[in-house]
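In what follows, a single structure is set out as structure tokens and then discussed.
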Amino acid sequence: MMIIADTSYLFAVHNPKDINHELASDFALDRTPVKLLVPDVVLPELAYLAVRDLGYAGLHSVLESLRLSDIELLLLQMIDLERVCEIAETYSSAEFDMVDCCIMAIAERLGITRIATFDRRDFSIFRPQHCDFFELLPAA
């Protein structure tokens, strides 16, 4: 099973002060047979939050943790960017976050239905082309 990780999930795993830290950490430990996929567009957003809340030492810790983990880094492709534009236009009144749109497009391209996130609004509104809805994890 493959799961795409959103910034909010990764940040909660690495930030002990995050309200979702315990839930994210437990889920991270329980997902051993699962492949965690991290879109490259998540990294700048994650780095910003890490520096803001954890300082540069915290950023180094987050990056080192990711480097040593078994995540797979996904690169945004031109076809994804085309779909991001479509999603942003279709859901313009919802004002989706760009990173969320990229995750949605990548998930559609790869046929992935599970998203690890605590930022559930955008992913709950969106209707993917390849399934009825995304399964948002960890389950609350």
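Only the coordinates and a few stated rules stand behind these numbers; no lab work does. Predicted model, so just to flag it, every value in this text is computed and none were measured. Note that we place each Cβ from the backbone using ideal geometry, even for glycine, and neighbour counts take in every protein chain shown.
E72 - would you say it is surrounded by fewer than 18 Cβ atoms within 10 Å (Cβ to Cβ), among the charged types (D, E, K, R) and farther than 22 Å from P44 by Cβ? For E72, the condition - surrounded by fewer than 18 Cβ atoms within 10 Å (Cβ to Cβ), among the charged types (D, E, K, R) and farther than 22 Å from P44 by Cβ - is not met. Checking the structure you have, find out if any residue of region 76-96 is surrounded by 13 or more Cβ atoms within 10 Å (Cβ to Cβ), in contact with a Lys or Arg (Cβ under 7 Å, 6 or more places away or on another chain) and in contact (Cβ under 8 Å) with a residue 12 or more places away in the chain. Within region 76-96 (the criterion being surrounded by 13 or more Cβ atoms within 10 Å (Cβ to Cβ), in contact with a Lys or Arg (Cβ under 7 Å, 6 or more places away or on another chain) and in contact (Cβ under 8 Å) with a residue 12 or more places away in the chain), the answer is yes, since at least one residue qualifies.
Of all residues in region 25-39, those satisfying the criterion of being within 19 Å of T113 (Cβ to Cβ) and in a helix (DSSP H, G or I) are F27, D30. If you check T117, T113 for being among the hydroxyl-bearing types (S, T, Y) and within 22 Å of P44 (Cα to Cα), only one passes: T117.
Report yes if some residue within region 16-24 is touching a His at 6+ places or on another chain (Cβ under 8 Å), assigned to a helix (DSSP H, G or I) and either surrounded by 13 or more Cβ atoms within 10 Å (Cβ to Cβ) or not hydrophobic (A, V, I, L, M, F, W, C) (or both); otherwise report no.
no
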